[in-house]
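Have a look at the structure below before the remarks.
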Amino acid sequence: MFTNSRDASQTEIVNKFVEYATISRRDGMLALESKIEEIDDPFFQQASRMMIDGQDPDFIRHTLHERIEAMQERHDSGAAIFSQAGTYSPS
């Protein structure tokens, strides 16, 4: 679905969410299982799997929030390496 999420327009993303909502309302959450492999974005794929598996919404929210925080920490530490390296370069 989001092979390169920067290239996916907001309209395309909203249309996919509407399609998935329609399928889940009409046929139930398990009907979305066949759509999981179409989703290229690992974050959205994990969220979808948890919903289909019937996980508690609070558990899903907590798990995804922790994943976002871990990603932010990784990015911050990577940025810190370059910032520190910049202090050693000649002016």
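For this structure, a couple of remarks:
- Taken over region 52-66, residues that are within 19 Å of Phe17 (Cβ to Cβ), under 13 Å from the mean Cα position of the chain (by Cα) and in contact (Cβ under 8 Å) with a residue 12 or more places away in the chain amount to 2.
- Taking the criterion of being over 8 Å from the mean Cα position of the chain (by Cα) and without any contact (Cβ under 8 Å) to a residue 12 or more places away in the chain, the only residue of region 36-51 that qualifies is Glu37.
Read-outs throughout are calculated quantities, based only on the coordinates presented, and are distinct from any laboratory measurement. Just so we're clear, the structure is a prediction, and the values are computed from it rather than from any experiment. When we count neighbours, we look across all protein chains shown, and the Cβ atoms used for this are built from the backbone with ideal geometry, even at glycine.
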